[in-house]
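Written out below as structure tokens is the structure these notes cover.
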Amino acid sequence: MILCLMIAFVWAYSHLGLRGEDLHPSSGGLKVLGEFAARALTPALTSEADFVPEGTRPLLYIALSSARTTLFFAAAGMSLGLFLGIVLGFFSSTSWWAGDFGGVRRSSPSRILGRVLFPVLYGGSRVIINLMRSTHEVLWAVLFLTAFGLSNTAAVLAIAIPYGGTLAKIFSEMVDETTREPAHALRGAGASGLQTYSFALVPQALPDMIGYSFYRFECALRSSAILGFFGFPTLGLFIRQSFSSLNYGEVWTFLYVLLGMVLIFDWWSGAVRRRLAP
Amino acid sequence: MKGTSLELDGVSVQYGNTTALEAVSLSISAGERVGLVGPSGSGKTTLLRLLNGSVLPDQGDVHVSGSPLYTLSRTDLRRVRASIGFVYQDHRLVPNLQVSQNVIAGQLGRVSLLKSLRMMLFPSRVMVEKAHEILCRVGIGEKLFERTDHLSGGQQQRVAIARALFQEPQVLLADEPVSSVDPARAKDAVELLTRISREENLTLVMSLHNLDLAREYCERLIGLRRGRIVFDEPTSSIQESHFSELYRIGEGEMLADGA
Amino acid sequence: MRRQEDKGRSQEVQLLLAERPRNRFVRGSLYLLLALIMVSWTFGDLQVDELFSTHRLRNLNRFLSEVRPFPLHGKEWDWGVALSWAQEIFKREGLEATLSTLGISVVAILLAGFFGSLMALPAARNLACSEPFLPEIRPPPLRARVFYALLAPVTRFALILLRAIPEYIWAFILLAVMGPSAWPAIVALAIHNTGILGRLQAETVENVNPNPLSALRGLGGKRSQLAAVGLLPLLLPRGLLYLFYRWETCVREATVLGMLGFSSLGFWITDARARLQYDRFLFFVLLGAAVVLIGDFISAFLRRIVRKA
Ligand SMILES: Nc1ncnc2c1ncn2[C@@H]1O[C@H](COP(=O)(O)OP(=O)(O)OP(=O)(O)O)[C@@H](O)[C@H]1O
Ligand SMILES: [Mg+2]
């Protein structure tokens, strides 16, 4: 295995035509790096541009309001993603119809349901979630940008679609991996497939599902910031602008705001997961 | 009249190529208290699971209250199952729900999905009080809102019994209800089950490894061995020799052990 | 009589309800999140209704008419022509771009795996302490105690920083520093994933069964020896699982990082978009999806092998 990995590494390395010396930045690059790094401890508090047009908001206001937009896009996209994830996750899990919950009549129409309809639904939703997942949120965003033009909804949808697919996949796996015995017991007491799914299978997976959702929220925050690089009014937009106009102090300001948000969420999701652990 | 009769009619069950039950016929009348005894692997669990339709027989039929279980429609099957409480060997509770939710889940068979959502998430006061009453009856009323997996094995067993009772069943099936508790508590649990079945005239079938308890609390004992009924008699006419015959290590098994 | 009993019960239930164990933090967190979501839908300026305005729909129409493969513009749909068109793009740019996307992801994830495992050791609190796995007879010198008390938290914080900044921003900055080659993408991916793999590996180290290691320590093993002999064999299978799992994500990101200007799929996506060749644009997006699906498939396959072994 290790050998295979090494071979893969060597192949990829030579295929890309990588050279070790390219890793060293050129003198120009070094200068950029030096100037950029020099501002790490002195982020800008006011705009650094030479010419500030009349009526421009102060830098800190821009930083905070773009942070707010980043957060809002992430939250809206994530909520839509959660909705998609729960719905599609339900159809992509097998545990509420497959397997032996026992006792269906040997020749009953419900058998046909179980043999044909549910597997088809399952397969269909698996295909859908894989398609949703297979395209990166940035590519979804670019696709929507190209199709509709710039619109904030595009950013929300771009986050919601791949996240929904991923959440659906993970949720369905989490539910399918729980122990089935309680479900059998409820089934034996007359509960329907949907009831056993909701009250025996999902509750066991719920802590993991909540923990994972918090983690994905943190990821959504990062994605939302990145979408700014494509023109949406989130932190990425201003990072790109300030960087290209060489106002490195401003870049650091925006980076620190992003970092702060992500760190808060990292702590938050960690704290929630710790408390959900048995 | 409360209570439901159960009947097995020439039932055989096979798992792959092991035969769990072979041509078993018996009938249990309403309100009877029956003990199921036999060595490990003799088919006790399988027999009990046949009775609520969670195992399909390869041959033969199961009748509950006179109607054959395997020709019932989906809704009828649900109704019949809702009237049969089952206490499992391994409890089969949802570990991270509250005790009250696990108990209330006993009623799922009687309500629609929407109603069950409300019942499980926002149970009415009446419902919670009823759950509390039943939990008090099995002796753990104060655990009502505890997380189920924070209880000891014996307490969880009581929750399982409470769940079965919350179903307001007519038949109570119990699979080794004493497997996870100390001897004193084992006696308690069996006594509880028989008392309840007597009070409410429930048909009670339980499998027991403890022969003394089986004799003390059951009116009728059925001995199983390798998927066949060895004896099926009222407790009063059971002799010690019945048991020694039942638990005798057969020649085949001797060989298997020696090898 | 009966009524009185009922009343007593209902009081008792109330009492139990008040005393029930509650997870206030999780509950509060959920409410807070819910509030956040509602606020963002109301005040987020999401322009949902505007999405279906006439000029948007006109945009959409134009886009849809232009995603038809170029040779088929204004003609009947013909699979043969479409396929040969796709084949040609694939031969000309697609294959090369696919391979370099995969190449970038492979180099990056292996670098991340290497550095992540290295950083996992000082980040694991059970190994990076002054008395790992076995109390010392004489307390270690103060200097050593202070050093080890700081080592794990500092490493952990460094790992958090590495992963808190998105790959794309790393790549964006590195591009300006290193100049155009595949390196900025690789280094950016490697940095972010080092942060993630490092933490995951550190958790594996912390969950390791301490008994064999205590025994080794008792025999006088140094930390480095413990790591090499006692930990490495235990970490490898888990580490490989994580590695393949993260590789999936790396493939996704590698497609996108090309948009900054490296010759991966993303580069051709922006290129086609800039030239308004929407048919090629869509082709590359779909190719990217296919590459990701293939990557997922390979990763799942490899993980199954590791699990079995
Ligand atoms: N799900 C199953 N798959 C395959 N074989 C099974 C299954 N369940 C039971 N068996 C087999 O059927 C036979 C009867 O099993 P059953 O569980 O009914 O025995 P039991 O009397 O309840 O035993 P115990 O006292 O150990 O609980 C055994 O030989 C067992 O191996
Ligand atoms: Mg059994």
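Which of the helices (runs of 4 or more DSSP H) found entirely inside the stretch A:12-97 contain at least 2 residues meeting this: open to solvent by 40 Å² or more (accessible area, probe 1.4 Å) and modelled with pLDDT of 95 or more?
Details: elements: A:20-23, A:27-38, A:59-91.
In the stretch A:12-97, A:59-91 are the helices (runs of 4 or more DSSP H) which contain 2 or more residues that are open to solvent by 40 Å² or more (accessible area, probe 1.4 Å) and modelled with pLDDT of 95 or more.
For the stretch B:116-154, enumerate the residues that are assigned to a loop (DSSP other than H, G, I, E, B) and among the hydroxyl-bearing types (Ser, Thr, Tyr). Lay out the reasoning, then the answer.
Let us first name the residues in the stretch B:116-154 that are assigned to a loop (DSSP other than H, G, I, E, B), namely B:122-124, B:138-140, B:144-146, B:151-152.
Hits for the stretch B:116-154 are B:SER124, B:SER152.
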For A:ASN130, which of the numbered conditions (1) buried (at least 23 other Cβ atoms within 10 Å of the Cβ); (2) at the interface with another protein chain (Cβ under 7 Å from one of its Cβ atoms) fails to hold? (1)
When every residue in the stretch B:155-180 that is within 16 Å of ligand 1 (Cβ to nearest atom) and assigned to a loop (DSSP other than H, G, I, E, B) is compared, the one nearest to B:HIS132 (Cα to Cα) is B:PRO177
Does B:ASP58 meet the test of being modelled with pLDDT under 90, open to solvent by 10 Å² or more (accessible area, probe 1.4 Å), touching a strand residue (DSSP E or B) at 6+ places or on another chain (Cβ under 8 Å) and not polar (S, T, N, Q)? yes
Name the pairs: first residue in the stretch B:37-63 and more than 10 Å from chain A (Cβ to nearest Cβ) and part of a loop (DSSP other than H, G, I, E, B), second residue near ligand 2 (Cβ under 9 Å from one of its atoms) and not β-branched (Val, Ile, Thr), Cβ to Cβ under 7 Å, at least 6 apart or on different chains? B:GLY38/B:LYS44
From B:GLY35, B:GLY10, grab the single residue that is of a type outside the set (Val, Ile, Thr), surrounded by fewer than 17 Cβ atoms within 10 Å (Cβ to Cβ) and either within 26 Å of B:PRO234 (Cβ to Cβ) or modelled with pLDDT under 90 (or both). B:GLY10
Only one of (1) more than 12 Å from ligand 1 (Cβ to nearest atom); (2) more than 7 Å from chain A (Cβ to nearest Cβ); (3) of a type in the set (Ser, Thr, Tyr); (4) open to solvent by less than 20 Å² (accessible area, probe 1.4 Å) does not apply to B:TYR70, and that is (2)
Tally, over the stretch A:3-16, of residues that are over 30 Å from the mean Cα position of the chain (by Cα) and within 8 Å of chain C (Cβ to nearest Cβ): 2
Against the conditions (1) under 19 Å from the mean Cα position of the chain (by Cα); (2) closer than 13 Å to A:THR135 by Cβ; (3) in contact (Cβ under 8 Å) with a residue 24 or more places away in the chain, where does C:LEU287 fall short? Just the number, please. (1)
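Yes/no per residue for (1) out of contact with any helix residue (DSSP H, G or I) (no Cβ under 7 Å at 6 or more places or on another chain); (2) over 27 Å from B:VAL103 (Cα atoms):
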site: B:GLY10; (1), (2): yes, yes
site: B:GLY41; (1), (2): yes, yes
site: B:THR45; (1), (2): yes, no
site: B:ASN52; (1), (2): no, no
Looking at the stretch A:179-199 only, could you name the residues that are closer than 15 Å to B:ARG81 by Cβ, part of a helix (DSSP H, G or I) and either in contact (Cβ under 8 Å) with a residue 12 or more places away in the chain or among the small types (Gly, Ala, Ser) (or both)? A:ALA183, A:HIS184, A:ALA185, A:LEU186, A:ARG187, A:GLY188, A:GLY193, A:THR196
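Could you list all residues from the stretch C:291-309 that are loosely packed, with under 14 Cβ neighbours inside 10 Å and without any contact (Cβ under 8 Å) to a residue 60 or more places away in the chain?
Restricting attention to the stretch C:291-309, the residues satisfying the condition of being loosely packed, with under 14 Cβ neighbours inside 10 Å are C:297, C:300-301, C:304-305, C:307-309.
Within the stretch C:291-309, C:PHE297, C:ALA300, C:PHE301, C:ARG304, C:ILE305, C:LYS308 meet the criteria.
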Since A:LEU150 meets every condition but one in (1) more than 14 Å from chain B (Cβ to nearest Cβ); (2) at pLDDT 90 or above; (3) open to solvent by 10 Å² or more (accessible area, probe 1.4 Å), which condition does it not meet? (2)
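The values are calculated or read from the model by the stated rules, or taken from the named source; none is laboratory data. Since the structure is predicted, the reported quantities are computational estimates derived from the model, not experimental observations. Don't worry about glycine lacking a Cβ; one is built from the backbone with ideal geometry, like all the others, and counts go over all protein chains shown. Note: accessible area is taken over every heavy atom of the protein model, side chains too, but ligands, DNA and RNA are not part of it. Shrake-Rupley method; radii C 1.70, N 1.55, O 1.52, S 1.80 Å.
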